[in-house]
Structures are given as structure tokens and as C-alpha cells.
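Trainee: Before we start, here is the structure in question, set down as C-alpha cells.
Read-outs throughout are calculated quantities, based only on the coordinates presented, and are distinct from any laboratory measurement. Just so you know, these numbers come straight off a predicted model, no measurement behind them. Quick reminder, even Gly has a Cβ in these numbers, built from the backbone with ideal geometry, and neighbours come from all protein chains shown.
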Amino acid sequence: MDYFFTEEQQMMREVAREIAEKRIRPVAAEYDESGEFPWPIVEAIAEADLFRVFIPEEYEGMDLGTPVTNMCIVTEELSKACGGIALAFAATGLGTMPLLVAASDEQKKRWLPRIAAGTLAAFALTEANAGSDAGSVQTRAVLDGDHWVINGTKQWITNGGEAEIYTVFCVTDPSKGARGVSTIVVEKGTPGFSFGKKEDKLGIRASATRELVFQDCRVPKENLLGRPGTGFINAMKTFDLSRPGVAAQAVGIAQGALDLAVKYSRERHQFGQPISGFQGLRWMLADMATKVEAARALVYAVARWIDSGQAKRTTTYSAMSKCFAADVAMEVTTNAVQIFGGYGYMKEYPIEKYMRDAKITQIYEGTNQIQRDEIGRGLIAAAAAGE
Amino acid sequence: MAIRVIEEKCNGCGLCTKNCPQMAIAVDNKKAIIDLEVCNYCGACAAACRFRAITIEVDKQAQEDLSQYRGVWVFGEQFRGKVAPVVLELVGAGRKLADARNTELAVVVLGSDLSAAARELSEYPVDKVYLYEAPELAHYDGERYSRVLGDLVRALKPEILLAGATTTGRSFMSQVAIKLYTGLTADCTGLEIGDDGLLYQTRPAYGGNIMATILCPYTRPQMATVRHKVFPLPPKRTNGKAPEVVHLNVKPQLHSSRSELLDFIEQVETTVNIVEADIIVSGGRGIQDPANFALIEALAKALGGAVGASRAAVDAGWIPYAHQVGQTGKTVCPKLYIACGISGAVQHLAGMSSSDTIIAINKDPDAPIFQVANFGFVGDCLEIVPLLTRKIEALRGRA
Amino acid sequence: MKICVCIKQVPATTEVKFDPETNTLVREGVDSQINPFDVYALEEAVRVKERLQKEGEEATVTVLTMGPPQAEQALREAISLGADDAVLLSDRAFRGADTWATSYALAQALRKLQPDLVFCGMQAIDGDTGQVGPGIAVHLDYAQATYVAKIEALDKRKITVRRLVEQGYEVCAVRLPVVMTVVKEINEPRTPSLRGKMNAKKARIPVWKAADIEAPEEKLGLQGSPTQVVKVFSPPHREGGEKWTGEPEELADKLASLLKELEVV
């Protein structure tokens, strides 16, 4: 279906699709197995200018005013070939969003051109005791002269250890709860900043997930984004922008699996005919395709609406896109494995990986339960406001 | 230059339409119409027409008396004084052409210290061997070589000049043909003298999916490069006189070159040069792991063959590019090609489908490789190949 | 440094076949592409340019092709892959050119561009001749290096390259200006970049005709070609033979006896 992307957006899609097909697909299984970080592909993505698509032009980006839609287009295309490798890109987008949301012009000048050129970023909020309850972070930042001194541990940080630029959420005023959280940029190599072991995951195995450990880590005062205490709001605003990206990752994974399933159904013969000849199977494919298209339509509708600057109750819709697309991805990839039958269960075939990769989209950047909570709350709030 | 349909002769049969690679011909009202905007004058239609209703007129004639050109020459490519195997194959082909033209067959060798090469050549049915010996010519240098051979051709006027389609042959002959303003046909698989006395040169194009026969009617010599293994080695000379060996002097002004050889990194493995091998054992994606290439190598060694590979195996970094067979690698035609775990993409088939015998081992019974294989074995090559190697070694041991 | 790359637009697949039922020529997916070997040539040219620019030297890459008006598409694709500009040689007089006339026309165009380095692919996948690159060098009286697998060094006066030949690699230093043909081993081509695509869309590509390159018609196209195609036909069709299935041990036995029958063992 034609989503009437602009000419530039179509170019972004073509550029991403070529990387996905030529560079990612041939090596996706290898990286999935080794869990190695896909640096050669990240470099190719950078050389192709794709890290520029969510960064404004004045900071050497090429967002052309539609960063969220662009981000979704590229993430979807890359995810069709490998949801894990795509995450190196998408998580950099996520790590960059707090800068777009809250950074001063000077701060943007410092970091955005580097990210545009391919320096990876990461978003560091989650802690052992602050998952869905993101307001209860404990990593502490104390002002000491011209520096913030950070202590604490962040958990399961995507791009952790590989990224250079981290947007870290720290408590600067413990007396204020969630309103005492601030966003501070920490660069890799800062003394006192180290990484824990790399996590061994079910899916998205090409993506690096690590602990960030801060021990008396001193960063310049001017690395704090916005005003102190705005961290939690920054995080929520970031999620409003980034959740369609996760949704796009889910759509990409689902579409990738669907494409393989359709192809396989035409090649695999049983009872003297291709299995695509069986109505029961065609109906499965039909439901899968319909759901993928519905998810995609929702994702791009939400992304465009956010980019328009006119969006109201962004959280509700952004949550809808993420929640719906992630559920679709899980269902479609599971059914794709089913269509492959016994072969689908074997690692020798590419399809089971899609199912493993899909699962995370229901969990991260807010579990789908949290998303539903947000959507429900939004509905009630809107009704209460007489909207 | 003009292409024209002779309306009186055309009956609208449409053969030309079907043969036009440009899809430039339509038949309307029982006459062929050529779209001149699309036509690229390739001549396929004229060649296909049974009624000689399409003519391509080139306002062209020979600029000199072509009958002064006599004799068939073979470029005697040598490496470190040893004649390349393809040269001997060309001697066999050249002998037939020379006999058909009732003329002599000569081999021209450039190098330094060519006595061994001359001796080797004298065992074959050659009439003359021209030797250019100079230290500067020891190793191929396009600039020097093409000046030397260009001069010799101008002076002695051979009618036909053949060379192997090796990296050297292809580069070298291209330069000579441009200098002499004459035609060169690359990678010929068939050479014949027609009733008109011209050399009919047949070659594959479009990855071997189409064959074209090419002439060089107005200029001399008629030049062609020929692939390895297309022509059989000729029998050695049993009687008749030994070839006359002519030593030629290189004019000093031909010595200069803008290129300087700094180093030669020889690949010592005998399993590399796949184009010269009689037997090739090739591995593809089904090999799964670089370490498993040892299995392919072991079989190749047991059979005395070379190791080939599909593009998938080369792109995965399992084996160097020099081993790649196919459209973006080498074209081979060994006596026996054993494809192990190669699915047989068209690009691969383009490089090996003219092998005499093809054996394919592949897990997938529907793999396209089985459509060209004389003998197909449906199974896992990783299991079958080592078993086979052992059996062959046992057979050899017994012998 | 001025770098030129000669490319050819070829069918996206070489699967041109005769359909034996209808006796027609069938081209599956007649889309066109840049000849794959030329993509390696272009990539190498762009890498040389980028290296020189990093060292503070000026360098540009111009792509050149001879073909019908639609070959412009291949040139735009080349710009998306990092070339700066492009020239299309298109004239009815160029049609029907064999390798002599093709290399002549390209050389005449290059004479106007005055490059220091010319890159070509080692051959085109439709014609498979490998003759045009060396031909251009002779027409221009440039030095040449064919089958280049690696550039070892480059300065203003000479280039050192590693050539892939049958017996191994030859390392030679060649004086500029030079024409090189490259093999696949030389690099791994990039995919198009976003900025490249935008440049490609904006680029104005001049079309040069015979008169623009000061080429007399008798040296161009079919008229200028010493060779003529007199017959085009389908090669003998290869039929798949017998297929065996079974346990590995059985199959290996069968194979061993087959090789004995074929007198290989």
C-alpha cells in the first residue's frame, strides 16, 4: 500500500532497504548466533546518512521536519532483515530524543552533529528497581562545584558499551520523587563510568545490552539538559516520540516474517501441492497480512500526527501504536513459525529468529500492560476534560 | 550505416521480432518494422531471417589488399619460460585453420630465455616459431608486448591471430587490435573457416545464454581469444619436419614502458588455477563453514583437481576470490565439475555449464543445479564428500 | 586529481533465453543495472577521492557511459553511490559499436575530460569481452593496468597496483595518467547514501553527441566496427541427468563407481 511518503522519505526507505537486503540479511543469522555488535553495518548505516534522518538540518541532520516518520521508515526497513541489528540505529534515535526534547542550542551543537555522522547514542533510564515504575530511579547526581558527581547503576541499556553518548536519568533532588529527576549527558570514557557484562538474550541478540556503572563519575555541570527536575518529563516526552519507532520495529519484524512465510508456502509441497494451495493456510496468511497492514497504517498515522506539531494526547496514540504493533508482531511471527512447521522450529531456517526478536517489542519502552494503562488513563482523562 | 527491411522479401513471419534482443521489431500488416530509436544494429534479426529480408548496410570496404595476409599465428604465452597449456590447445585449433586456408601455422613467443619453450613447441605440429628474446620481455608488459607484436604483424601480415583468453591474452590482444584497427573476438568457443574463407568466430554472450558468430570481414588479421579447455590438446608431431625457429631482434625503441614490475606474489597452491584444471571440485553455501572447505580440498586433492567455489562461499569469506566460478568470477570448462552444496543460481551456471560432465551433490532435490548436472546426488555433501574421498584414496592405494 | 569511471548499463539479469515452445527470446525482468564489475570500479574511484580529500587534495569523480538515453538512469545511480557528476554519450552514430568503436568513442570523450585516473570494470556481464578498458588506454595513449585487485599506493606521478593474474598477484608501479580495470576482489561496494540520492536526483547530466567528442562517423558505431555479428543462436540445451537419493554411504559408493566409470579414478 502507498502511504504517500514524500520523495525524500521514499529515498530514505530505498536507502535503508538496500542496506537491509545487501548488508544485513546475509549476516543476520551470524550476528544472532555470535551476539557480536554489528559494527560494519552500523558504519554502512552511518555512511548512508541514515543517522541524519531524525536530526534537524541546522545540526547536520536531514530530518526535513518529519523526524518521527523518518525514524519509523528506516527502522521498519532495517527490521525486516533483522530486528536486532536495526536496534543499533533505533536505540540511537531513542538516546537522541532527550536532546531534541530538552537540550539548549549549544548542547545540540555539541552532540547532534556527531550523532548525525554515526556516533551511537543510548538512553539510560531503567534500573534494577525502576522498570515500569520509572519514577523511582535511584542513580544519584550531586552537584560539586562545576561538576555533577554520579553514583548508581543503570540496567539493560541498549547500545550500552558501544555508544559514545548516553542520556542518563539521575536523581538530583531526592526529596521531590519523580520531580527530582534530571537528564544528564555522559560520554563514554568519562572517569568513573564503566560497563557491566553484556546480557545474553532470547532475541535481538545482535543488539548490545549492558549495565552502566557510575562510581563518583564527574561530568561538567553544563551536561544537564533543561532545568534540574525535568528529567521525568523529558523521559515521558521522549517516549511519546520514540514509541512509534518501537512500533515500526515491530511492523518490520512482522513484515519480514510474513514475507518469508508467503515465500515458503509457495515452495513447500505436501500432498502433491504447494501448501499455499490449502485454504486453511491462506486464511492464516490473510489474517497475518491484514494485521501487519493495520499496524503499519496506525504507526504512520501517529508518526505523521506527531511530526505535524498539532498532536494532542500524544501519549495515548503513541502508546496505541506501540502496543498494537508489538502484539501483531508477536502473533504474526508465531504464526509464521507455524507455517514453516517443523522446519520453522529449527535454527537452520531464519523464521524462529523473528519470533524471538518480536517478543521484546511487547516489553521494552514500557510493557504493553503499561501502554494499555496509558491509553486507558488518556481516555478517561479526555472524557473528564469533556473532549 | 543503415538497417532496412526489404519489403518484397519479408512475409511477416516474425522470426526477427523473436530474435531481437532489443525488442525493437514489430510486425504490422505482414511486414517487419524496425524501431530505429531502439535498434542497436546488433544484426540478430538479419542473421535470423530465412528470407534475407533484412539488410544492414555498412558503407565499408577493405582499405588494402587483404590477400597479402597469409598464415595463422598463435600467441605463445609463457610464464617463466614455460608455455601456457592453452597455447598448445590453440596450436591444435590453429593447425586446422591453417590447413583449411592452406597456409602455415606459426607461434610467436615473447620472453627471455625461451629455449625450453621453443623445444616444447617443436614437438607439436607447428610450421614456424618466432622468438623474441630480451630481458625486458621476460614478464608480460602490455605496452612493450603490444608494440613488439604490433610491429611484427605489420611486417609479416598474418591472416589470423589467436591467443588464450587468459588475463594476459585478453589485455594484450585488446591493445594489439586497437593499434592495428582490426577486429578481436573475445572468449571464442568455436573457430571455423567458412566457404568464403573468413574466420567464423563463435562465442557465448549474456552469461552463456546466447551464442553469437562473429566475422571480421574488412581488416586483418582476424583476431580471437579462446578460452581454456575449449579445444583438445593436439597430438604431438609424429613425422614431418620440425618447425623453423626464427629469432627476432627487438628494436631498442620498443623497450620503454610506463609500467614497472615490482614484485610477483606467486600462489603456490596447485588447487588455485581453476581455468586450467581438468577436474574441479566446487563448494557453495552448503559447505556452511570455512573449516569445511578442507573436505572439498581433500576430495580435489584425491582426484588431482582444483578447488572452485560459488559466489556465496567467496562472499562469506570462506575462500579467496581467485576460486570463484561464475558470472563475477571465472568461466571454466573442465572435463569434470563436481558441485558440492551449490544450489546453481544462474550466475553460477554461467561460469560452469559448459563443463563436459557435471556432478551435483545437494540436499535440496529441487536445486537448479540438478537441471544441468549429468549426475545428481541428493544428500548432504558434508557427509558424502569425506566418505567419497576415503573411497577414492582407497582405490588409488590399491592401484 | 581528476578521476573518471566508465560504466555500462546492462540487463539486471543475464537470463536471456530462448523459449523453445514459442522460439522467442525471453528476458526475465528486463530491468537494467550498472554492470556489477563497474560498481567495484566506481567504489574504488570514490574511495580514492575520499582518501585524497581527507589529505586535503582536490579530487572529483566523473562517470561516463555510452548508451541509449535511458542509460542516464545508470549515471544517476552512480551519483547516488558517490560520483560527483556524469556524462552520457548518446547518439545514433554510436549504435552497433563493437569493442573497437566503443573504446574509441569513450576515449574521445575522456580526451575532453582529461582524467588522471580512469577506472573500468574488468568486463561487462552481457558482452563478457574485457576489451574496452585496455582499448581506451591505447586510444588515449595512457598507461594501463588490468585486473587490479588492490591499490597499494598513489602519488601525483604514479600508482602502485596489485593485479590478479592466473599464477598469483603481480605488483606494478604505473605512471599516470592510467586506465585501470578492476576485479571484484578490490572492495566491497557501498549502498547509496541519502545525500547521494538527493544529488543524483538534482544532477544535470550533459549528453554528448558524436560532434561533441570530435569523432568522425566512420570510426563510430557499426560503421567504425571491424567485427560484425552474423548469427545469434541458443546454445545446446543441457538436460539434467539421473538423480540418486539414499544414505550417504550408498551415495558415496555410487559416486566412487561413477568416477571409476568416467575414468577419473
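Trainee: Using only Cα positions of segment C:27-89, each an equal point scatterer, no hydration layer, compute I(q)/I(0) via Debye at q = 0.20, 0.21 Å⁻¹ and quote the log10 values to two decimals.
Mentor: -0.77, -0.83
Trainee: Take C:GLN70 and B:GLN61, extend 7 Å from each Cα along the Cα→Cβ direction, and tell me the distance between the two endpoints in nm.
Mentor: Result: 4.0 nm between the two label points.
Trainee: Charges on Cβ only, +1 for Lys and Arg, -1 for Asp and Glu, centred on the Cα centroid of the protein assembly as shown; of A:ILE233, A:CYS217, B:ALA116, which one is farthest towards the dipole's positive end?
Mentor: B:ALA116
Trainee: Roughly how large, in nm² to one decimal, is the mean projection of the convex hull of the alpha-carbon atoms in segment A:151-194? Could you put the intermediate results ahead of the total?
Mentor: Numbers: hull surface 13.3 nm².
Answer in nm², one decimal: 3.3.
Trainee: Sticking with this structure for a sec: May I ask for the net charge around A:GLN155, where only other residues with Cβ less than 12 Å from the Cβ of A:GLN155 are counted and Lys, Arg are +1 while Asp, Glu are -1? It would help to have the intermediate numbers written out before the result.
Mentor: On the way: positive: A:LYS154, A:LYS197, A:ARG210; negative: A:GLU127, A:GLU199, A:GLU211.
Neighbourhood net charge equals 0.
Trainee: Using modelled backbone amide H atoms (1.01 Å from N, in-plane), which distant-in-sequence or interchain residues come within less than 5 Å of A:TRP148's amide H?
Mentor: It is A:VAL219, A:LYS221, by chain and number.
Trainee: For the protein assembly as shown, what size does the Cα cloud have along each of its three principal axes, sorted from largest down, in whole Å?
Mentor: 110, 67, 66
Trainee: Rounding to the nearest 20 debye, state how big the charge dipole of the protein assembly as shown is about its Cα centre with +1 on each Lys and Arg Cβ and -1 on each Asp and Glu Cβ. Present the calculation step by step, with values, prior to reporting the outcome.
Mentor: On the way: 117 positive and 132 negative charges, 80 e Å.
Rounded to the nearest 20 debye, it is 380 debye.
Trainee: Rounded, prolate or oblate, given the Cα gyration tensor of segment A:3-60, with a/c below 1.5 counting as rounded?
Mentor: Oblate, because a/c is 1.5 or more while a/b does not exceed b/c.
Trainee: Please state the shape class of segment A:7-120: rounded when a/c is under 1.5, otherwise prolate if a/b exceeds b/c and oblate if not, all from the C-alpha gyration tensor. Provide the component values of the computation, followed by the final result.
Mentor: Working: a/c = 2.27, a/b = 1.59, b/c = 1.43.
Verdict is prolate for segment A:7-120.
Trainee: While we're looking at this one, here's another question. Could you check the simple spin-label distance between B:ASP263 and C:GLU239, using points 7 Å along Cα→Cβ, in nm with one decimal?
Mentor: 5.4 nm
Trainee: Moving on to the next point. With only alpha-carbon pairs counted, each pair once and no self-pairs, how large is the Kirkwood hydrodynamic radius of segment A:122-231 in angstroms?
Mentor: Details: mean 1/r = 0.0723 Å⁻¹.
Mean inverse Cα-Cα distance, inverted, gives 13.8 Å.
Trainee: Where both partners of a DSSP beta bridge lie in the protein assembly as shown, what percent of those bridges are antiparallel, to the nearest 5?
Mentor: Numbers: 81 of 162 bridges.
If we restrict to bridges inside the protein assembly as shown, about 50 percent are antiparallel.
Trainee: Please determine, in degrees from 0 to 90 and to the nearest 10, the orientation of helix C:248-261 with respect to the longest principal axis defined by the Cα atoms of chain C, where the helix direction is its Cα long axis.
Mentor: 80 degrees
Trainee: Can you compute the FRET efficiency between B:ILE33 and A:GLU21 using 1/(1 + (r/R0)^6), with r the Cβ-Cβ distance and R0 = 41 Å? Round to the nearest 0.05.
Mentor: On the way: r = 41 Å, r/R0 = 0.99.
Computed FRET efficiency for B:ILE33 and A:GLU21: 0.50.
Trainee: For chain B, what is the relative contact order in percent, using Cα pairs closer than 8 Å and at least 6 residues apart in sequence? Before the final figure, lay out the partial values.
Mentor: Details: 826 pairs, mean separation 45.4, N = 399.
Over chain B, the number comes to 11 percent.
Trainee: Would you compute, for the Cα atoms of segment A:109-151, the largest minus smallest coordinate along each principal axis and list the three values in descending order, in whole Å?
Mentor: 35, 32, 13
Trainee: Mind putting together the pair-distance distribution for segment B:29-112? All Cα pairs, 10 Å bins, whole percent per bin, short to long.
Mentor: Result returned by the calculation: 13, 25, 19, 24, 15, 3, 0.
Trainee: Which of the helices in chain A meet the span-like rule: DSSP H, Cα axial reach of 18 Å or more, Kyte-Doolittle mean at least -1.0?
Mentor: Values: long enough: A:67-81 (22 Å, 0.31); A:83-102 (28 Å, 1.65); A:231-267 (53 Å, 0.23); A:279-307 (42 Å, 0.32); A:314-345 (43 Å, 0.31); A:368-384 (24 Å, -0.16).
Correct list, ordered by number: A:67-81, A:83-102, A:231-267, A:279-307, A:314-345, A:368-384.
Trainee: Rounded to the nearest 0.05, what FRET efficiency do B:ARG52 and C:ARG157 have when you use their Cβ-Cβ distance and R0 = 60 Å? Before the final figure, lay out each step's value.
Mentor: Values: r = 57 Å, r/R0 = 0.95.
It comes out at approximately 0.60.
Trainee: Under a 5 Å amide H to amide H cut-off, with H placed in plane at 1.01 Å, what residues pair with B:ALA32 once short-range neighbours are removed?
Mentor: Distant-sequence amide H within range of B:ALA32: B:GLY12.
Trainee: Can you run phi through the Karplus equation (6.51, -1.76, 1.60; θ = phi - 60°) for segment C:143-159 and list ³J(HN,Hα) in whole Hz, with x for Gly and Pro?
Mentor: For segment C:143-159, the Karplus-derived couplings read 5, 8, 9, 9, 6, 6, 9, 6, 9, 8, 7, 8, 10, 5, 9, 8, 10 Hz, x marking Gly and Pro.
Trainee: Taking 0.36 nm per residue of sequence separation and subtracting the Cα-Cα distance, how much length would be gained by fully extending the chain between A:GLU293 and A:ASP173, in nm to one decimal? Write down the numbers at each step before the final one.
Mentor: Numbers: separation 120, 0.36 × 120 = 43.20 nm, distance 4.56 nm.
Stretched fully, the A:GLU293-A:ASP173 segment lengthens by 38.6 nm.
Trainee: So, one more: Quick test of your reading: applying the under-4.7 Å Cβ rule, which cysteines of chain B are isolated?
Mentor: B:CYS10, B:CYS13, B:CYS20, B:CYS39, B:CYS42, B:CYS49, B:CYS188, B:CYS216, B:CYS333
Trainee: Pop out the ³J(HN,Hα) list for segment B:63-70 in order, Karplus 6.51 cos²θ - 1.76 cosθ + 1.60 with θ = phi - 60°, rounded to Hz; leave Gly and Pro as x.
Mentor: After applying 6.51 cos²θ - 1.76 cosθ + 1.60, I find 8, 8, 7, 6, 6, 6, 8, 9 Hz.
Trainee: Compute the relative contact order of chain C as a whole-number percentage, counting only Cα pairs closer than 8 Å that sit 6 or more residues apart in sequence.
Mentor: Details: 516 pairs, mean separation 58.9, N = 265.
22 percent.
Trainee: With the alpha-carbon atoms as the only input, what is the per residue convex hull volume for segment B:203-255 in Å³? Walk me through the numbers on the way to the answer.
Mentor: Values: hull volume 12.0 nm³, N = 53.
Normalising the Cα hull of segment B:203-255 by residue number yields 226 Å³.
Trainee: Here is a follow-up. Which residue fluctuates most in the GNM of chain B (Cα springs below 10 Å): B:GLU120, B:GLU57, B:GLU89?
Mentor: Residue with maximal mean-square fluctuation among B:GLU120, B:GLU57, B:GLU89: B:GLU57.
Trainee: Rounding to the nearest 20 debye, state how big the charge dipole of segment C:2-226 is about its Cα centre with +1 on each Lys and Arg Cβ and -1 on each Asp and Glu Cβ. Don't skip to the answer; put the middle values down first.
Mentor: Working: 29 positive and 32 negative charges, 156 e Å.
Its charge dipole is roughly 760 debye.
Trainee: Once you have all Cα-Cα distances for segment B:198-343, histogram them in 5 Å bins from zero and send the whole-percent values.
Mentor: Spelled out per bin, shortest first, that is 2, 8, 12, 14, 13, 12, 13, 12, 8, 5, 2, 0.
Trainee: Calculate the all-directions average of the projected area of chain B's alpha-carbon convex hull, and give it in nm². Please report the intermediate quantities before stating the final value.
Mentor: Working: hull surface 97.6 nm².
Computed as one quarter of the Cα hull surface, the answer is 24.4 nm².
Trainee: How well do other chains shield peptide C:92-104, expressed as the mean number of their Cβ atoms within 10 Å of each residue Cβ? Show your work: numbers first, answer last.
Mentor: Numbers: counts 6, 1, 2, 9, 9, 2, 6, 7, 9, 0, 0, 3, 2.
If you average over the peptide's residues, the count of other-chain Cβ atoms is 4.
Trainee: Quick one: if you take sqrt(5λ) for each eigenvalue of the C-alpha gyration tensor of segment B:66-254, what semi-axes come out, biggest first, whole angstrom? Don't skip to the answer; put the middle values down first.
Mentor: Details: eigenvalues 108, 72, 55 Å².
For segment B:66-254, the semi-axes come out at 23, 19, 17 Å.
Trainee: Cα centroid distance between segment A:33-88 and segment A:187-227, in Å?
Mentor: Cα centres, segment A:33-88 to segment A:187-227: 21 Å.
Trainee: Under 5 Å between amide H atoms, partner at least 5 residues away or on a different chain: which partners does A:PHE54 have, H built in plane at 1.01 Å?
Mentor: The list, which skips near neighbours in sequence, is A:MET62.
Trainee: Ok, one more. Over the Cα atoms of chain C, Rg to Rh with Kirkwood Rh, two decimal places?
Mentor: Numbers: Rg = 22.0 Å, Rh = 20.5 Å.
Radius of gyration over Kirkwood radius for chain C works out to 1.07.
Trainee: Quick one: plug the Kirkwood hydrodynamic radius of segment A:330-377 (C-alpha pairs) into Stokes-Einstein at 4 °C, 1.567 mPa s, and report D in µm²/s. If you can, show how the numbers build up before the last one.
Mentor: Values: Rh = 11.8 Å.
For these conditions, the coefficient is 110 µm²/s.
Trainee: Just to be sure I understand: if I project the alpha-carbon convex hull of segment B:274-398 onto a plane and average over all orientations, what area do I get in nm²? Let's see the in-between values first.
Mentor: Numbers: hull surface 26.4 nm².
Its average projected convex-hull area is 6.6 nm².
Trainee: Let me ask something additional. Between B:SER112 and A:ARG140, how high is the FRET efficiency from 1/(1 + (r/R0)^6) when r is the Cβ-Cβ distance and R₀ = 60 Å? Nearest 0.05.
Mentor: For R0 = 60 Å, the calculated efficiency reads 0.15.
Trainee: Taking the Cα atoms of segment B:1-46 alone, what are Rg (to one decimal) and Dmax (as a whole number) in Å?
Mentor: 9.6, 26
Trainee: Show me C:172-181, C:237-246 ranked by packing, highest mean number of other Cβ atoms within 10 Å first. Intermediate values should be presented prior to the final figure.
Mentor: Values: C:172-181: 23.0, C:237-246: 13.0.
Descending packing order for the listed peptides: C:172-181, C:237-246.
Trainee: Longest span of chain A, sites excluded, free of chymotrypsin sites (Phe, Trp or Tyr not before Pro) in DSSP loop with at most 13 other C-beta atoms within 10 Å?
Mentor: Working: sites that count: A:PHE4, A:PHE271.
Result for the longest clean stretch: A:5-270.
Trainee: Please list 3J(HN,Hα) in residue order for segment B:83-94, calculated via the Karplus relation 6.51 cos²θ - 1.76 cosθ + 1.60 where θ = phi - 60°; whole Hz, with x for glycine and proline.
Mentor: Karplus values, whole Hz, x for Gly and Pro: 6, 5, x, 5, 4, 5, 4, 5, 4, x, 5, x.
Trainee: Return the ratio Rg/(2.2 N^0.38 Å) for chain A, where Rg is computed over Cα atoms only. List each step's numbers first, then the result.
Mentor: Details: Rg = 20.8 Å, N = 387, 2.2 N^0.38 = 21.2 Å.
The value comes to 0.98.
Trainee: Based solely on its DSSP helices, what 222 nm [θ] is calculated for chain A when runs of n ≥ 4 H residues each add -39,500 (n - 2.57) and the sum is averaged over all residues, nearest 500 deg cm²/dmol? Mind showing how you got there, number by number?
Mentor: Numbers: 11 runs with 199 residues, N = 387.
Rounded to the nearest 500, the figure is -17500 deg cm²/dmol.
Trainee: A further question follows. I want the local charge near B:GLY286. Using Cβ-Cβ distances under 13 Å, sum +1 for each Lys or Arg and -1 for each Asp or Glu among the other residues. Don't skip to the answer; put the middle values down first.
Mentor: Numbers: positive: B:ARG285, B:LYS363; negative: A:GLU348, B:ASP289, B:ASP364, B:ASP380, B:GLU383.
Net local charge, B:GLY286 excluded: -3.
Trainee: Now for a different question. Normalized C-alpha radius of gyration of segment A:236-384, against 2.2 N^0.38 Å?
Mentor: Numbers: Rg = 17.3 Å, N = 149, 2.2 N^0.38 = 14.7 Å.
Rg over 2.2 N^0.38 Å, computed on Cα atoms: 1.18.
Trainee: Please report Rg (one decimal) and Dmax (integer) in Å for the Cα set of segment B:231-308.
Mentor: 21.2, 56
Trainee: Where in segment B:224-243 is the amide nitrogen less than 15 Å from a point lying 7 Å along the Cα-to-Cβ axis of B:ASP99?
Mentor: Under cut-off, by backbone N: B:232-241.
Trainee: Right, next: Hey, got the average number of other protein chain Cβ atoms within 10 angstrom for residues in C:138-145?
Mentor: Values: counts 10, 2, 0, 2, 1, 5, 8, 3.
Per residue, the average neighbour count from other chains is 4.
Trainee: Would you mind counting up the charge near B:LYS335? Only other residues with Cβ under 11 Å from its Cβ, with Lys and Arg at +1 and Asp and Glu at -1.
Mentor: On the way: positive: B:LYS229; negative: B:ASP278, B:ASP356, C:GLU263.
Every neighbour counted, the sum reads -2.
Trainee: Please give the average number of partner chain Cβ atoms lying within 10 Å of the Cβ of each residue in B:369-378, rounded to a whole number. Show your work: numbers first, answer last.
Mentor: Values: counts 1, 4, 5, 5, 6, 7, 10, 6, 12, 5.
The shielding value for this peptide is 6.
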